[in-house]
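Peer 1: Below you will find the structure I want to go over with you.
The values are calculated or read from the model by the stated rules, or taken from the named source; none is laboratory data. This is a predicted model, so every value here is computed, not measured. We place every Cβ from the backbone using ideal geometry, glycine too, and count neighbours over all the protein chains shown.
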Amino acid sequence: MTSNQPPIPQSFAEFWPYYMAAHQDPRNRMVHYVGSTGGIAMLLGAIATGSWWLVPAGVLFGYACAWFGHFRFEHNKPATWVKPWWSFLGDWRMFGMKLSGREAEAVALGRGLPDVVDMVRAAR
């Protein structure tokens, strides 16, 4: 880690602003929301029909949408690669803030912060 780089997040609360730094492009966030909604729809479909293959399909759909958003619009690496659980939680928190009208507040937290994936990899 370089001296001008902040410390690696040690908790989800510390990770959250860096998660939002990787989600500054509204198109990326929208693709994440599509993936999350589709994943939930497939989970509900699995419960309703007993077609349990829909559960992994929903997870795959959600991640495929999110990764597409990062590569196509944000041009960065998904935080899932270094902090999978926190990234999963971050996605749902971001979606919740969108639904509650607080998306702009979440986006502002991440402005100007470095890429958490690069931070974690540099510290290894």
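Peer 1: Under 7 Å between Cβ atoms, which residue pairs at least 6 apart in sequence (or on different chains) link something in segment 84-111 that is polar (S, T, N, Q) with a partner that is surrounded by 15 or more Cβ atoms within 10 Å (Cβ to Cβ) and assigned to a helix (DSSP H, G or I)?
Peer 2: Hits for this filter: S87/Y19; S87/A79; S87/T80.
Peer 1: Condition first: among the small types (G, A, S) and closer than 16 Å to A66 by Cβ. Now tell me which residues in segment 8-27 satisfy that.
Peer 2: A21, A22
Peer 1: Residues V82, V117, V107: which one is aliphatic (A, V, I, L, M), under 19 Å from Y33 (Cβ atoms) and under 15 Å from the mean Cα position of the chain (by Cα)?
Peer 2: On the way: V82 fails: under 19 Å from Y33 (Cβ atoms); V117 fails: under 19 Å from Y33 (Cβ atoms).
Result: V107 is the single residue among V82, V117, V107 that is aliphatic (A, V, I, L, M), under 19 Å from Y33 (Cβ atoms) and under 15 Å from the mean Cα position of the chain (by Cα).
Peer 1: Next question. Any residue at all in segment 67-86 that is assigned to a helix (DSSP H, G or I), aliphatic (A, V, I, L, M) and modelled with pLDDT of 95 or more?
Peer 2: No; the residues of segment 67-86 include none that is assigned to a helix (DSSP H, G or I), aliphatic (A, V, I, L, M) and modelled with pLDDT of 95 or more.
Peer 1: List the residue pairs whose Cβ atoms are under 7 Å apart, where the first residue sits in segment 25-51 and is within 28 Å of E74 (Cα to Cα) and modelled with pLDDT of 95 or more, the second is loosely packed, with under 15 Cβ neighbours inside 10 Å and charged (D, E, K, R), and the two are 6 or more positions apart or on different chains.
Peer 2: Close Cβ pairs satisfying both conditions: none exist.
Residues checked against (1) part of a helix (DSSP H, G or I); (2) among the hydroxyl-bearing types (S, T, Y); (3) more than 17 Å from the chain's Cα centre (by Cα):
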residue: P9; (1), (2), (3): no, no, no
residue: R27; (1), (2), (3): yes, no, no
residue: M30; (1), (2), (3): yes, no, no
residue: G38; (1), (2), (3): yes, no, no
residue: A41; (1), (2), (3): yes, no, yes
residue: A57; (1), (2), (3): yes, no, yes
residue: F61; (1), (2), (3): yes, no, no
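Peer 1: For L109, indicate whether it is surrounded by 13 or more Cβ atoms within 10 Å (Cβ to Cβ) and not in a helix (DSSP H, G or I).
Peer 2: no
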